[in-house]
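The values are calculated or read from the model by the stated rules, or taken from the named source; none is laboratory data. The shown structure was predicted, so the numbers you read here are calculated from the model rather than taken from an experiment. Methodologically, a virtual Cβ is constructed for each residue, glycine included, from the backbone with ideal geometry; neighbour enumeration extends over all protein chains shown. Each accessible area value is taken on the protein alone, full model and side chains, heavy atoms only, with ligands, DNA and RNA left out. Shrake-Rupley method; radii C 1.70, N 1.55, O 1.52, S 1.80 Å.
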Amino acid sequence: MMRRALAHPLFWPLATLALLLLANGAFNPGFLALQWREGHLYGTLVDIANRAAPLALVSMGMTLVIAVRGLDISVGAVLAIAATVAAWTLARLESGSSGLLPLFVAIGAALATGMLCGLWNGLLVVKAGMQPIVATLILMVAGRGLAQLISDGQILTIYYEPYGFLGKGFLLGLPFSLFVVAVIFIALQLLLNRTSLGLFVRAIGENPLASHVAGVRARAITPFLYLFCGFTAGLAGLLVSSNVASADANNAGQLFELDAILAVALGGSSLTGGRFSLAGSLAGALIIQALTTTIYSLGVPPQVTLVVKAVLVIGVLLLQAPRFRREMLGLIRRPAGSQA
């Protein structure tokens, strides 16, 4: 039973997350406390989940792209573009429209922009034959320039109150962003497990040549996955800009692509394609946010935060590596004084 649990792909991500939370709870008794106030659930755990929501969304899109041996390092820029498009749209519709029309138009414009960016990346990879890292590097570099052109180089402030509900609102006592993540996750799970898409994605990642011979239309599926990755980045842009009531084309989504790739790796997905876990990627996003919260709660100076975070992440990834665990187990079991 224990061996089967250890072999489960979700064991180590969930164990890492649990250890992080328990360690914080041991040093800070109020860390695990939850309070029901004014019809809402409050607490550090709720804050971690809420702040991890944008990264969780991007990580799910990144998971599917990596599953077919791809990569998208432009998601941070796409997030910034989508947030800027939403803020720009609201600025022009807010005064001349009534009701929730500006909200729906801004959401639609941001998501359409994200999907267009994702489709652009997918076509460069599939039709132009570019390496994924090169194809998405183009939009990573140019994307923030496009966002600054839309915003005229300014940080766009959002005064439209209904828009704030996306990132700061509550539904049934929980942050609305958690429901957004849950809907996307459940929809993806149904799509991947109840249709042949999941099998096709795994086949393309495991062996592209064999999947092509078997009739899998990789050239049609891959652009769709990049499009979906752009969609999740656009959705994350809505949550981020809504939470801070502004769109910063230069700084929004900075290093998001690296955190998303890291979340996928922490979740146990193979970066060489084929094997992937959406639930693991969600756990990876929560681990990253929990690490960030832990570092800040310990009072680590900002200038060394990234270094401490990197060291902790290296340790987590080593613990998840089967070969490393086998070698460590062999050292523990080896009698003292024995020769290698």
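Springs join every pair of Cα atoms under 10 Å in this Gaussian network model of the chain, and among Ala279, Ala15, Ala263 the largest mean-square fluctuation is at Ala15.
Under the combined filter of DSSP loop state and at most 14 neighbouring Cβ atoms within 10 Å, the range 65-136 retains none of its chymotrypsin sites (Phe, Trp or Tyr not before Pro). If you sort the three axes of the alpha carbon gyration tensor as a ≥ b ≥ c, you get a/c of 1.5 or more for the range 1-141 and a/b no higher than b/c, which makes it oblate. Between Ala26, Ala285, Ala87, the GNM of the chain built on Cα springs shorter than 10 angstrom shows Ala26 fluctuating the most. Computed with a 1.4 Å probe over protein heavy atoms only, the accessible surface of the chain comes to 51 Å² per residue.
Heavy atoms only, probe 1.4 Å: what % of the accessible area of the chain goes to carbon and sulfur, would you let me know? Carbon plus sulfur share of accessible area: 68 percent. Taking the chain as a Gaussian network, Cα atoms linked when under 10 Å apart, which of Thr222, Thr293, Thr305 shows the biggest mean-square fluctuation? For the chain, modelled as a Gaussian network with Cα springs under 10 Å, the answer is Thr305.
Classify the range 216-304 from the C-alpha gyration tensor, please: rounded if a/c falls under 1.5, else prolate or oblate depending on whether a/b exceeds b/c. Can you show the working numbers first?
Details: a/c = 2.67, a/b = 1.40, b/c = 1.90.
Oblate is the answer for the range 216-304, as a/c is 1.5 or above yet b/c matches or exceeds a/b.
Each of [x] 23.2; [y] 22.0; [z] 21.2 is a candidate for Kirkwood radius over Cα pairs in Å; the one calculated from this structure is [z]. Give me the distance between the Cα centres of the range 176-204 and the range 47-108, rounded to whole Å. Result: 18 Å between the Cα centres.
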